[in-house]
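The values are calculated or read from the model by the stated rules, or taken from the named source; none is laboratory data. Given the structure is predicted, the values throughout are model-derived calculations rather than measurements. Here the Cβ positions follow ideal geometry from the backbone for every residue, glycine too, while neighbour counts run over all protein chains shown.
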Amino acid sequence: MHLCSHLLTQLIQNQLLFFSFFQVKFLIFPSYLVKCCSLLRDGNLPDIVNSGSLHEFLVNLHERYGPVVSFWFGRRLVVSLGTVEVLKQHINPNKTSDPFETMLKSLLRYQSGGANVSENHMRKKLYESGVTHSLQSNFALLLKLSEELLDKWLSYPESQHVPLCQHMLGFAMKSVTQMVMGSTFEDDQEVIHFQKNHGTVWSEIGKGFLDGSLDKSTTRKKQYEDALMQLESILKKIIKERKGKNFSQHIFIDSLVQGNLNDQQILEDSMIFSLASCIITAKLCTWAICFLTTSEEVQKKLYEEIDHVFGKDPITPEKIEQLRYCRHVLCETVRTAKLTPVSARLQDIEGKIDKFIIPRETLVLYALGVILQDPRTWPSPHKFDPDRFDDESMMKTFSLLGFSGMQECPELRFAYMVATVLLSVLVRRLHLLSVEGQLIETKYELVTSSKEETWITVSKRY
């Protein structure tokens, strides 16, 4: 999960903790305090923009000042935690709320917060049910779309460069829209229309809110609002069509419709899930294939597992569950790519980390991108090494960060299954190869991506 300025400003409207801050023992840095005094309105926003992203700003901040740091996001004092050890100490009793959902709702100007623990728990169960049943009901569809992509790649000459980002985004859009929103998206034109609006909304969530550029451009703001309105219109129509009816194909929205939610909650939750699932699935698949092309040993081991589990038999949901090494490949992809580099929680009650007191209502960032590259937690952190997850303690740490287990966000759980099926289909028949001399630069926004298109080549195994 990531953080942008609108989330912060929504959470802290009409709250100013400047002088009250000195009444608690906390960590602050003189250079940043001076900047805040002189530029109270912006705080460290210019530093974040100049760093290139919030993640890169936090990397520099934690390197200079340690695992617990604070800075000013506009008028708000924010705390960031940069190691597993301090993250474990963080007190936040409301563990049933999804930080990714909270953030996106704020950015989309939906009503976030206000639900009690039991309501959050109920909605979490609905999400889990939606993910499980939509994947089960649509497994054949997912397999068919994966095989269509395989056939396309098999038709290419071995020297042809394949635009990986483009193909993974298209695949994710086709598969996720149909599994989340239904048969309307069997029509490629509907998918293209959705993808265009999705891209407009997501790009502004990822960038426009952070640097304030969206509100400064009337044209961009209108394009964003029009795109969001069109997406909402599509969802409202689907929700109306699915209410009170039974369909042979169970989609994610069906679980929300069948739950004890009003129409606005269904709209918001389905919007959040469809937006996030499309982009997380696309980027997880992109990075996984990208890393496989640069590690012949890992790709060989993955192929051997796929061959051992399936042999010449069809790919089935039951056998997919046996792909333990494939899951490790995907976990290591999330870690190495820093797929979601920042998450956040609002401090429900006053907390303490070491000697530092965190006042109630403080926004606490989990600098996941920093933690995922910490050599004290991850030996050789920059190496792509799925075998590290053979160690149960590594998997427990990963779960603590929200990337697996009980704290795993539903969008990521969904993406793991889609990516597992796709890799099973592709690696079973193809060698995935990198393009020599290609330099991949990373862009850190809500979900990490490459700045430019990533190119690969493929060759047939048989």
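Yes or no, residue by residue, for (1) surrounded by 17 or more Cβ atoms within 10 Å (Cβ to Cβ); (2) over 30 Å from Val180 (Cβ atoms); (3) in contact (Cβ under 8 Å) with a residue 40 or more places away in the chain; (4) among the aliphatic types (A, V, I, L, M):
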{"residue": "Arg376", "(1), (2), (3), (4)": "no, yes, yes, no"}
{"residue": "Ser380", "(1), (2), (3), (4)": "no, yes, no, no"}
{"residue": "Asp390", "(1), (2), (3), (4)": "no, yes, yes, no"}
{"residue": "Ser393", "(1), (2), (3), (4)": "no, yes, no, no"}
{"residue": "Thr397", "(1), (2), (3), (4)": "yes, yes, yes, no"}
{"residue": "Leu412", "(1), (2), (3), (4)": "yes, no, yes, yes"}
{"residue": "Ser424", "(1), (2), (3), (4)": "yes, no, yes, no"}
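Restricting Ser277, Ser270, Ser255, Ser295 to residues that are closer than 17 Å to Ser175 by Cα, more than 15 Å from the chain's Cα centre (by Cα) and among the hydroxyl-bearing types (Ser, Thr, Tyr) narrows the list to Ser270.
Which pairs turn up if I take residues in segment 122-136 that are part of a helix (DSSP H, G or I) and look for partners that are charged (D, E, K, R) and modelled with pLDDT of 90 or more with beta carbon separation below 6 Å, at least 6 apart in sequence or on another chain? Correct list of pairs: Val131/Arg413.
The condition of being over 22 Å from Phe414 (Cα atoms) and either part of a helix (DSSP H, G or I) or assigned by TED's automatic domain parsing to the domain that holds Val201 (or both) does not hold for Glu232.
If you go through segment 347-387 and pick out every residue that is of a type in the set (Asp, Glu) and modelled with pLDDT under 95, you end up with 4.
Just one of the listed residues (Lys221, Lys207, Lys240) is over 30 Å from Asp42 (Cβ atoms) and either crowded, with 19+ Cβ neighbours inside 10 Å or out of contact with any strand residue (DSSP E or B) (no Cβ under 6 Å at 6 or more places or on another chain) (or both), namely Lys240. For segment 163-194, residues that are of a type in the set (S, T, N, Q), touching a residue at least 60 places away in the same chain (Cβ under 8 Å) and either out of contact with any helix residue (DSSP H, G or I) (no Cβ under 8 Å at 6 or more places or on another chain) or surrounded by fewer than 22 Cβ atoms within 10 Å (Cβ to Cβ) (or both) total 2. Yes or no: His328 closer than 30 Å to Ser380 by Cα, out of contact with any Gly (no Cβ under 6 Å at 6 or more places or on another chain) and surrounded by 14 or more Cβ atoms within 10 Å (Cβ to Cβ)? Answer is yes for this residue. With respect to the conditions (1) closer than 30 Å to Ser175 by Cβ; (2) at pLDDT below 95; (3) in the same structural domain as Leu302 (by TED's automatic domain parsing), Lys396 lacks only one, and its number is (1). In the set (1) in contact with an Asp or Glu (Cβ under 7 Å, 6 or more places away or on another chain); (2) surrounded by fewer than 14 Cβ atoms within 10 Å (Cβ to Cβ); (3) of a type in the set (Phe, Trp, Tyr), Tyr444 fails one condition alone, (2). Within segment 239-261, does at least one residue satisfy the condition of being farther than 18 Å from Phe185 by Cα, in contact with a Cys (Cβ under 9 Å, 6 or more places away or on another chain) and basic (Lys, Arg)? No, segment 239-261 contains no residue that is farther than 18 Å from Phe185 by Cα, in contact with a Cys (Cβ under 9 Å, 6 or more places away or on another chain) and basic (Lys, Arg).
The set of residues in segment 265-299 that are part of a helix (DSSP H, G or I) and of a type in the set (S, T, N, Q) comprises Gln265, Ser270, Ser274, Ser277, Thr281, Thr286, Thr293, Gln299.
Of everything in segment 273-290, what is at pLDDT below 95 and of a type in the set (Phe, Trp, Tyr)? Give them in sequence order. Answer for segment 273-290, where residues must be at pLDDT below 95 and of a type in the set (Phe, Trp, Tyr): just Phe273.
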